[in-house]
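Here is the structure we will look at.
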Amino acid sequence: MLLRHTTSNVKERKALTVNPAKTCQPVGAMYAALGVHGCLPHSHGSQGCCSYHRSALTRHYKEPVMAATSSFTEGSSVFGGQANLLQAIDNIFTIYEPDIIAVHSTCLSETIGDDLGQIVKKALDDGKIPEGKHVVQASTPSYVGSHVTGYANMLEAFVKYFAYNTEEKIRQVNLLSGWVEPSDMRELKRIAGLMDIKTVLLPDTSDVLDTPMTGEYKMYPKGGTTVEEIASMGNSMKTVAMGEWGAKSAAVMLDNKCKVPFSLTEVPIGLKATDRFIQELSLAGKISIPEVITEERGRLVDVITDMHQYLYGKRVALFGDPDTLIPLTEFLVDLDMKPVYIVSGTPGKVFDKRMASILSEKVPEAKYKNGPQADMFLMHQWIKEEPVDLLIGNTYGKYISRDEGIPFVRMGFPILDRIGHSYFPTVGYQGAIRILEKMLGVIMDQQDATAPEESFELVM
Amino acid sequence: MPNKKNYINGLPDPSEFKEEMLKKYPRKVAKKRDKAMIINDPAEGQEILANVRTIPGIITQRGCTYAGCKGVVLGPTRDIINLVHGPIGCSFYAWLTRRNQTRAEKGDPNFMTYAFSTDMQDENIVFGGEEKLKNAIREAFEIFNPSSIGIFSTCPVGLIGDDVHSVAREMKAELGINIFGFSCEGYRGVSQSAGHHIANNGIFKHVVGNTDRPRTGKFQVNLLGEYNIGGDAFEIERIFEECGLTLLSTYSGNSTVESFAYSHTADLNMVMCHRSINYIAEMMEEKYGIPWIKVNFIGADATAKTLRKIADYFGDKELSEKVEVVIARESAKVKAVADLVKPKVEGKLAMMFVGGSRAHHYQELFTELGVRVVSAGYEFAHRDDYEGREVIPNIKIDADTRNIEDLSVTKDDENYRDDLVAKKAQLEESGYEFRDYKGMMPDMSKNSLVIDDVNHWETEKLIEFYKPDIFCAGIKEKYVVQKYGIPLKQLHSYDYGGPYAAFGGAINFYKEMERMLGTDIWKLVDAPWKHEPEIVGSVTYDS
């Protein structure tokens, strides 16, 4: 057994986290910053943070992930990291020549009280930031929230820094996306294109973390939201923010700073969340929903009705981030599946409220928890108490899957052992068909592998 | 651009290229990097700048002290709960990511698949995290019933004044199991290397010598600095067993705290990765009189040499005979594969920037295949790993090194092995070398470029200049290099392959090089129409 010490005997824990269903803020800030064109993320802390975050993102995407670090030593930890950051800014603009440095803090620099804003101002005053170049900063203490919080904080910092309302309304809609894959960002743009709505998507990691092999290495690939695009977000008609955790704070910032109103919706995973997203887009763009979209929706519903028998009543355990878990749970319920165990290490009260509204009627037995000690160990203990038919989550789920013999679908961050997430979206109606394909694939593989020979089915 | 054909008569002088690389840097940076790049001349005792602070803003390969302590040294040990005291990230990133394989028998403890953290929150930073740490230890004890718990400090811990060592002492008294702490905050040193030292100290202080075990074999040995990436240690264990060597403990691949505790009953310590583990070897010699030798199981020739050296140490005829039988049989198998692969890869160019020993050890395997190493360097090594241990007395101890406790070790009269000390003296007289690490530079060709702590800018320039056929580094470099159309072999994770140690490992590595250097996939990059003139469409919608 891989997780041989896990038993069904759940004991309340107040201090110990085992097998977390979250990681820390800076990696989210790094990911968000990679979705801005010409931007080099910078980790203001000890160099291990930067190394770990780059490694995690690289393993997930199998793509170059560039970021710099302030490389704190004991001295900087005692006397403050100002000298390190000033030197770093100078070195980065000289050697690596990005358009933007996106600095995020770490638990180290936050604990010693480094004021990033003040240091960046000093860099500017000292002439360390060349003309036309930018240094954006976000406070991302690792001991608050999770990786999703860091992502949100970096997005907020970008719109705070770049977006301006110049009183010239532009007929475009801002799309602020919660943490999704490059493939999903590409899909969001495709959907907006089908609806003929001009949008600015922030961040946009497509063409950054899914770049083609050309025989040339480009430190700043062609993708990413440009400075001009982010600036123009202040003049947009409306913002559609996808995700309470990942996108809301940037939407609020845009509203406060530039008076661009926003509507908050969920990441469009599954049928109903996509329905709501399409309706929001239609409202924001003041355009009726085109037939092609309705047809995509129809294809999804067709697959659902065709394959209902394999999904009905299946008990599912899932773990990951609230912005994606909530619509995914809703989708599973729509399919007549039973999402019975749901955990997320990311805190936030909306989680309980939304889960209750999705689950209380159809899956009253569901157990869900987020925040402290809502970890994979707890979820595994629940599974030991009463098993499930399907597990959905990041790669770490494979240990539970193998021990318990549960079919497993990889969704979330990080996925370290399979490909596909970079290229095939899970958002929108098409994405929902992919989720179905993946779930059905593992469920039916399990049936094929375990069915008695006499009831081994050719047609399913 | 150098012409590869010229390399047959030796490597080109890269002086101009080095200047070109340095030109990009601000003056102070250039001055520092200049000393970290040596145009090698094995005939001269050259000095390299190593184990110094990473320059802020430079995109480095290096990680932190915590990574070296928890991730590298203690990570591969299965019967201990490694509890990370800090915000969640540090525990998350060191969770199973290093591929340390382990074989736990049914019913034996194995906590390596778990990540344990105190997940510090802002109130713990403001008001202190000691209470939460104590409670986490109690909870871990109650739920998992481990025989030992290690506490690993992350950056904020030292800054807010949490004393993990006093918490460890208190909890040890309360719970009656072995509990000890490591002050391995990420910022403590200039790289992972500081963490290795801290881990060595902790294990030595709190574990080594805790249990005396009666002898179980005629030749009792420890293998130090072998982390069982991809099953390397399994391959070495297989050979030891056949030769009749009793491996008490490996630091720390496929290891247990239980085995560290009686590892002081060995007759010989063998050091594989000198950088990460020489401290324990030195301390065990001082305290218990156990001599240590440098070994290398990367490369078939190196493995044979190492096995003979072990046999010579014991001076036992039967052992020597067994060793020769194993070498003869295994070498034949290795040669059969080498004969097939070598003609396909000979003359290709490699460069390697990794670790504290692998960039040296893996040159053996490349040499066996006739692949030339044009440039190499370590990520976190010290001068002695480049220039040899004889420079240790001349290494300037800077403030960052002084941060790390240097344990004062005294002789353990009860367990001290006077017999081994006498044996060592006798062998030394006949020219047998102990504590013998000569470093990477003497083994490299003239004019090869040795670079410490290579960074992203230099990596790009090196690729442009040398156009290597293969590049060896880690995950952060892998896809950068491959975008250039050059295959990268990860020498931390082995790209999820291996083992590459000892004879079986050499065969695996040869075959891997045959695959990587022989494939045509890189020629697929250009579309067939890349060089065709653009055709203006006449049957498109617009026309």
It is to be established whether one or more residues within segment B:173-183 are in contact with a Gly (Cβ under 8 Å, 6 or more places away or on another chain) and not assigned by TED's automatic domain parsing to the domain that holds B:Phe141.
no
Mind checking which residues of segment B:447-463 are touching a residue at least 24 places away in the same chain (Cβ under 8 Å) and within 14 Å of another protein chain (Cβ to nearest Cβ)?
B:Asp453, B:Val454, B:Asn455, B:His456, B:Trp457, B:Glu458, B:Thr459, B:Lys461, B:Leu462
Could you list, in sequence order, the residues of segment A:154-179 that are modelled with pLDDT of 95 or more and either in contact with a Cys (Cβ under 6 Å, 6 or more places away or on another chain) or at positive phi (or both)?
A:Ala163, A:Asn165
What number of residues in segment B:490-517 are among the acidic types (Asp, Glu), surrounded by fewer than 18 Cβ atoms within 10 Å (Cβ to Cβ) and away from chain A (no Cβ under 14 Å)?
1
For B:Phe92, the lone unmet condition from (1) facing chain A (nearest Cβ under 7 Å); (2) surrounded by fewer than 23 Cβ atoms within 10 Å (Cβ to Cβ); (3) out of contact with any His (no Cβ under 8 Å at 6 or more places or on another chain); (4) hydrophobic (A, V, I, L, M, F, W, C) is (2)
Are there any strands (runs of 3 or more DSSP E) wholly within segment A:227-319 with 3 or more residues that are surrounded by 19 or more Cβ atoms within 10 Å (Cβ to Cβ), and if so which?
A:238-242, A:315-319
Residue that is surrounded by the fewest Cβ atoms within 10 Å (Cβ to Cβ), among those in segment A:5-57 that are within 21 Å of A:Glu385 (Cβ to Cβ), without any contact (Cβ under 8 Å) to a residue 24 or more places away in the chain and touching a helix residue (DSSP H, G or I) at 6+ places or on another chain (Cβ under 8 Å):
A:Lys11
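Per-residue answers, yes or no, for (1) at pLDDT 95 or above; (2) under 24 Å from A:Gly81 (Cβ atoms); (3) more than 7 Å from chain A (Cβ to nearest Cβ); (4) over 18 Å from the mean Cα position of the chain (by Cα):
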| site | (1), (2), (3), (4) |
| --- | --- |
| B:Ile39 | yes, no, yes, yes |
| B:Ile55 | yes, yes, no, yes |
| B:Gln61 | yes, yes, yes, no |
| B:Thr77 | yes, no, yes, no |
| B:Leu83 | yes, no, yes, yes |
Could you count how many residues in segment B:113-158 are touching a residue at least 60 places away in the same chain (Cβ under 8 Å), aromatic (Phe, Trp, Tyr) and surrounded by 23 or more Cβ atoms within 10 Å (Cβ to Cβ)?
1
Segment B:1-114: helices (runs of 4 or more DSSP H) wholly inside it with 2 or more residues that are of a type in the set (D, E, K, R) are B:15-23, B:27-35
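Yes/no matrix, rows are residues, columns are (1) surrounded by 19 or more Cβ atoms within 10 Å (Cβ to Cβ); (2) in the same structural domain as A:Asp334 (by TED's automatic domain parsing); (3) assigned to a loop (DSSP other than H, G, I, E, B):
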site: A:Lys353; (1), (2), (3): no, yes, no
site: A:Glu361; (1), (2), (3): no, yes, yes
site: A:Gln373; (1), (2), (3): yes, yes, yes
site: A:His380; (1), (2), (3): yes, yes, no
site: A:Ile383; (1), (2), (3): yes, yes, no
site: A:Val388; (1), (2), (3): yes, yes, yes
site: A:Leu391; (1), (2), (3): yes, yes, no
All conditions in (1) more than 7 Å from chain B (Cβ to nearest Cβ); (2) in contact with a Ser or Thr (Cβ under 7 Å, 6 or more places away or on another chain) are true of A:Ala15 except (1)
Kindly provide the set of residues from segment A:211-244 that are acidic (Asp, Glu) and more than 24 Å from A:Thr149 (Cα to Cα), ordered by number.
A:Glu216, A:Glu228
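Looking only at helices (runs of 4 or more DSSP H) that lie completely in segment A:67-183, which have at least 2 residues being of a type in the set (Gly, Ala, Ser) and crowded, with 21+ Cβ neighbours inside 10 Å?
A:74-79, A:147-162
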Just one of A:Ser51, A:Ser77, A:Ser43 is more than 8 Å from chain B (Cβ to nearest Cβ) and either touching a Ser or Thr at 6+ places or on another chain (Cβ under 8 Å) or of a type in the set (Gly, Ala, Ser) (or both); which is it?
A:Ser43
Pull out all pairs, ordered by first then second residue, where Cβ-Cβ is under 7 Å, the residues are six or more apart or on different chains, the first lies in segment A:281-298 and is more than 18 Å from A:Lys169 (Cα to Cα), and the second is outside any helix (DSSP H, G or I) and of a type outside the set (A, V, I, L, M, F, W, C).
A:Ser282/A:Ser288
How many residues are of a type outside the set (Lys, Arg), within 23 Å of B:Glu433 (Cβ to Cβ) and surrounded by fewer than 21 Cβ atoms within 10 Å (Cβ to Cβ) if we restrict to segment B:311-320?
6
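Being closer than 23 Å to A:Gly420 by Cβ and more than 7 Å from chain B (Cβ to nearest Cβ) narrows it down to one residue among A:Met30, A:Met1; which is it?
A:Met30
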Is there a residue being of a type outside the set (D, E, K, R) and more than 14 Å from chain A (Cβ to nearest Cβ) anywhere in segment B:476-489?
no
Does at least one position in segment B:31-43 carry a residue that is farther than 27 Å from B:Pro56 by Cβ, of a type outside the set (A, V, I, L, M, F, W, C) and surrounded by 16 or more Cβ atoms within 10 Å (Cβ to Cβ)?
yes
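The values are calculated or read from the model by the stated rules, or taken from the named source; none is laboratory data. Every value quoted in this text rests on a predicted model; they were computed, and no experiment measured them. Positions of Cβ are generated from backbone atoms using ideal geometry, with glycine treated the same way; all protein chains shown enter the neighbour counts.
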